[in-house]
Every structure is written in structure tokens, then in C-alpha cells.
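A short worksheet on the structure shown next.
The values are calculated or read from the model by the stated rules, or taken from the named source; none is laboratory data. Since this is a predicted model, take the numbers as computed values, not measurements. Backbone-built Cβ (ideal geometry, glycine too); neighbour counts: all protein chains shown. The protein model used for the area step is the full one, side chains on, heavy atoms only, and it has no ligands, DNA or RNA in it. Shrake-Rupley method; radii C 1.70, N 1.55, O 1.52, S 1.80 Å.
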Amino acid sequence: MTFFKPEQRSFMDYALWALFSASFIASVFLIFIYNYSINLDYKIYSAEETIKKLESEKAQLQDKVFALLSDASLKKLSANNGLVEEKNPKYLKISAGTSKDLITLQTR
């Protein structure tokens, strides 16, 4: 009668399998990290593009506002509406006692 002995596994076999498994897991992990970094770079790039677009739109709006509020356009607007520029304007003056009375009236 012949007896077959099962093959004995040595420590070296276990060490090789552990090393292979660790390297496989590390490579999969690095692939996920690489994909995450590429996606993050793309999000940063698209955010920068959005910021540049918003800045250019803001500059265009500021140019329009400054054009509307320029001295020539305001003079033209006042002339069209019959407004006259006051050469010596007289402002209202409030005495010091009156302003204190106003403050106390508002706090009651």
C-alpha cells in the first residue's frame, strides 16, 4: 500500500503569498489615489475657469456702471430732465442740541 503525503508548505511559500497580496493591494490603492488626484485637479481647473469667467463679467458690468455714471452722461441726463447744477448750494444745518433730542426720541 502506498501512502501519499500531502505537500508541506514552507514558511517561504507563505511569505511569498503575503508579499504578492500586499503588492497587489498597494497597487490597487495607488490606482484609486491617482484617479482621485486627477479628478481633484480637474475640479480645481474648472473652478479656476469659472472664477475667471465671473471676473470678466464683473469687469464688464463695472465698465457699464462707470459709463452710466460718467460726468458726461450725468450732465446729459440732467439736461434732458431739466435739472440745473447749483453753483453755491446751501445745506441744512442742525444745531447740536437738536441732534441730541432726535437721538433720545428714537431710543424711547
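Computed over protein heavy atoms with a 1.4 angstrom probe, the accessible surface ordering of Val28, Val84, largest first, is Val84, Val28. Full extension of the segment from Ile44 to Phe29, taken as 0.36 nm per residue of separation minus the current Cα-Cα distance, would add 3.1 nm. Of the trypsin sites (Lys or Arg not before Pro) in region 48-97, the ones in a loop by DSSP (not H, G, I, E or B) with at most 14 other beta carbons within 10 Å are Lys87, Lys90, Lys93. Note on Glu48: accessible area is roughly 90 Å² with a 1.4 Å probe, heavy atoms of protein only. In the assembled protein chains, Tyr14 presents an accessible area of approximately 140 Å² (probe radius 1.4 Å).
Projected onto the charge dipole of region 27-92 (+1 at Lys/Arg Cβ, -1 at Asp/Glu Cβ, origin at the Cα centre), which of Asn81, Ser56, Tyr36 gives the Cα projection farthest towards the positive end? Value: Asn81.
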